[in-house]
Structure formats: structure tokens, C-alpha cells
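For reference, the structure is listed below as C-alpha cells.
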Amino acid sequence: MSFMARIPGVSDRDDIKPGMASFEGSGPIGKTCATCGQRGYWRTSKSKFNPTTGLIEERGYQSSSCRMFLTLTHSHGPAVNKKWRACKYYEANPRRMQKPTTEVNTMPKVSEIFPAQFLKGSDLAAPRDVTLGAWRTENKYGRDEHIFDLAGEALALRCGPQLMREIAAALNEDDFDLWPGRSITVYGKGQPIKDKDTGQQKDVVVTHAMASKLDRPPGNGKALSIRNSDMDDDIPY
């Protein structure tokens, strides 16, 4: 408390707050440290030996101290109360000056955060013709499954053993390296399965495949003729 006469509008030692870069209230009228860009910065903790890793580690944390205080004194000050009136070093922080919105925020759905990657039987309300593209393998539940991209589709086709056999029969081709570019008709069909967790029966829609009228086998389904000139490689015997 100061025992000297106080001049209105002039700061004195009663306006000194620990950690502030200047007198409280010496900044813009109506502003506080809450919206000041100088309040809060990242700093590192003291080095500490981690016996698990055998390394000396430092961790960063968000400080509530004043950055300008650090600049002027070259030392970290105590935390600054965001309710204190702004000092002359006040610097507006646009992010902290945003007014609270009255907009109702709805929680995102799982399907929005993790969009579907594969065509499912439940997506097939009616049979559709698809054209197979490049393939790759992925391991699911300890078993390799073949994934086929679909021409013009955002979703891929995940194939288990049963669907692979159905596609082979539909294309009349057992070598799936020759499937890209071929068309099949896929459809969904309900099938009871046993839940692995509960052991109870439940109905799921499984993807199946059959021959498509749009499919064009190599050579239009006819054996390719081999010309004599193709066999002549000009190699002397």
C-alpha cells in the first residue's frame, strides 16, 4: 500500500503485479491479460534422467507467464492472472478475442471421421455391375484377403475366399492376375453367422458375385489365333 498522494490516472507501486511487464492498468482501457498475446508461451522443463530409456529428457509445457516480462528481465516470471487489467505492452491476440458462438455443434459420426473404404453387401440394395481394377492383399484377423480397386468407384472390393471363388466362376478365369479390366455383377444377400463375441446367431448382408452381361473377355471369349509369322523368330536351328 502506498502512503503517498495518488494522482488519478497515474500508476504507482500499488499497481505492480508479480510477473507483469509493466504497471497494471497502463494499457488500453477495458482490456485484460486474458486477450493479450504476450500471456502464455511454451517452455521446457528441467532435464531429467529417465532410467527406462537411459536418456536425459526434457518436456515442453504451456506457461501462463508473460513473454514480455521474459524479454525485459531475461527470466521466467510467475503465472499472470488473466483477469488483471492490461499493461502498456498489451498486444491483442485475435484468437483469444473471438466471441463465444451460439451455434449448436453436433457430434460427428464415426462414418464421417472414418469414411468407408470397401463396398459392403449392405450397400447393394440392387445388383450392380462393376469393373475390377488393380489388386493388393491385406491381412485381416490373421488371414490375407485380396482387395480389388473398382473402375470409377471410390470404394474397393474386399474379397474373402468365397467371393474369390464366385468371381473366378463368373469370369471363367482362375488366374486373378487376369481379372483387372473384367466386369462382374455384385449383389448383397442375407446370411446368418455366429457372433464371435456373444456366440449368438445374427443376420448380415454378404457380398456375392455372378457373371455380368457387360463383361468382355479377351478376344471376345474366343481363342486367339496364332499366325505362323508370330512363331517365326528368325532364330536359326
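The values are calculated or read from the model by the stated rules, or taken from the named source; none is laboratory data. All values reported here derive from a predicted model rather than from experimental measurement. Glycine also receives a Cβ, built like all others from the backbone with ideal geometry; neighbour counts cover every protein chain displayed.
Quick check: is even one residue across region 19-37 modelled with pLDDT under 75, buried (at least 16 other Cβ atoms within 10 Å of the Cβ) and not in a helix (DSSP H, G or I)? No - not one qualifying residue is present in region 19-37.
Among what's in region 158-176 and is outside any loop (DSSP other than H, G, I, E, B), of a type in the set (D, E, K, R) and at pLDDT 90 or above, pick the residue that is farthest from Arg128 (Cα to Cα). This residue is Arg165. The set of residues in region 46-87 being under 21 Å from Lys31 (Cα atoms), assigned to a strand (DSSP E or B) and under 35 Å from the mean Cα position of the chain (by Cα) consists of Ser63, Ser64, Ser65, Cys66. Selection over region 89-136 of residues that are farther than 30 Å from Leu171 by Cβ, at pLDDT 60 or above, over 27 Å from the mean Cα position of the chain (by Cα) and hydrophobic (A, V, I, L, M, F, W, C) gives a count of 1. None of Lys189, Lys213 is modelled with pLDDT of 85 or more, among the basic types (Lys, Arg), exposed (fewer than 14 other Cβ atoms within 10 Å of the Cβ) and assigned to a strand (DSSP E or B) except Lys189.
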